[in-house]
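Taken together, the values in this text are just the output of simple stated rules run on the coordinates, not laboratory data. The shown structure was predicted, so the numbers you read here are calculated from the model rather than taken from an experiment. Cβ atoms come from the backbone with ideal geometry, glycine included; neighbour counts cover every protein chain shown.
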Amino acid sequence: MTPDTAPDLRAAFAARPVVAEADEDTLQAVWRAASGQASAEELAALLQRVRDEPSVAEAWRMARAVHEEFEEPVVEAAPVESNVVRGPAHWWRGATGMGIGTVMAMAAVAVMYVVPVEPVGGGVAMRAEVVRIENTLLYAGVIERSRPVLRWTALPEGTSYSVTITTDALVSVARAGALDTPEWVIPADALAGLPDGTVLLWRVEATLPDGARHRSATFDAVLR
Amino acid sequence: MSPELPRTLAELQRPLAAAVRKAAPSWLRDETDDLTQLALLRLDRALKREPDRRLTRAYLGRIAYTTVIDEIRKRRKEREHAAFDVESADRPAPGPDPERLAAGSGAGAAITECLEAAAPRARDALTLYLLGHSVPEISKLLDHTRKTAENIVYRGLTVLRRCVEAKGYRP
């Protein structure tokens with residue numbers, strides 16, 4: 001869950017007064033780095049300058065916003081195949097870095113989906129599939145009023161999706177069902193009464209053609 | 001690689017306007033039409049200098065980015081001059097709200113100090129978060145797993161908030 005003051009910390013960081021303007025080379029370096037085109041060393045050096053020089057931070061915010069508009073691939077939308085974790089060894093590798101609770105949950109789901117396939121060499125090969133529905137929005141932490149689109153991992157054709165959105169106080173904001181594409185534009189009137197900075201929680205439930213149902217994790221995003 | 005765009009300026013106005021709108025800070029948003037025209041002029045000049053340049057969406061984005069930055073700098077200079085200009089004392093100075101700036105500068109400085117005191121890994125992740133990046137973007141930019149980035153950011157934000165509050169600010 002996002003700490004509740006995060007948007008205000010961002011606003012305070014953005015309000016630092018500019019003392020000196022960044023030079024042209026820095027602006028171009030920021031442009032590249034904000035879209036993921038800098039080396040680790042360049043990135044670290046630029047982030048230090050972001051902290052030291054508000055004008056560099058200002059340029060970074062703008063570069064990020066423009067890259068977002070033009071959907072430069074800072075984060076690629078994950079294709080379905082990459083979200084299907086196969087086999088015990090693979091699901092464990094996919095789970096590294098996750099909390100133990102998540103690992104246990106994934107293990108439980110994996111067990112549910114273990115199905116035997118053709119026998120190989122006298123033994124039985126096992127195949128496990130865990131369907132994961134990810135938030136594939138490029139800027140996953142933000143819902144823009146001007147373009148309030150939600151996107152998530154596409155599952156096989158014929159899958160039906162429903163989406164539920166609430167505030168972080170769990171007050172219902174909007175709901176949609178029987179969607180046949182992995183995206184939804186939130187109706188503007190559903191967001192009209194919410195102030196900027198509201199933290200919205202959203203979750204997708206997918207019903208596969210064979211009737212199996214899968215829920216995504218709950219994603220959070222700030223309305224602006 | 002971005003696909004090449006049509007070269008008619010009129011056709012480029014819409015994507016350029018969208019990029020300008022995204023880049024412009026809130027206090028410049030009412031002027032996005034004018035800024036788009038400035039961006040088109042800049043693009044026209046650039047294409048005359050380099051007629052064979054490959055025209056991609058990324059290039060349009062960079063034109064919008066530099067146009068908006070130049071305009072912000074121009075406004076800041078006007079603001080500095082206006083501060084010394086007696087005749088213009090009654091006119092609102094161009095630029096962001098000074099009260100907001102004053103309120104933000106103390107908390108902003110406190111945030112910077114607290115970031116400097118953080119562990120290097122948390123410092124960069126939090127800096128990206130404060131710049132508006134989401135956790136998935138941070139994980140990609142810093143080459144962490146998503147879960148690692150999430151842990152660093154969310155634990156870091158809690159520590160950062162405590163540190164800023166200990167300095168007397170409640171952002």
Cα centroid of the stretch A:32-46 to Cα centroid of the stretch B:28-63, whole Å: 24
How charged is the neighbourhood of B:VAL159? Take every other residue with its Cβ under 14 Å from the Cβ of B:VAL159, and add Lys/Arg as +1 and Asp/Glu as -1. +3
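For peptide B:135-147, what's the mean number of Cβ atoms from other chains within 10 Å of each residue's Cβ? Don't skip to the end; give the middle numbers.
Numbers: counts 6, 13, 11, 3, 2, 5, 10, 4, 3, 1, 4, 5, 6.
Per residue, the number of nearby Cβ atoms from other chains is 6 on average.
If you count, for every residue in A:15-24, the Cβ atoms of partner chains within 10 Å of its Cβ, what is the mean? Don't skip to the answer; put the middle values down first.
Values: counts 13, 9, 9, 6, 0, 0, 5, 2, 0, 2.
That works out to 5 on average.
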Straight-line reach from B:LYS22: which lysines fall under 27 Å, measuring Cα to Cα and dropping same-chain residues less than 8 apart? B:LYS48, B:LYS74, B:LYS77, B:LYS140
Remind me, relative contact order of the stretch B:118-171 in percent, using alpha carbon pairs under 8 angstrom and six or more residues apart? 30
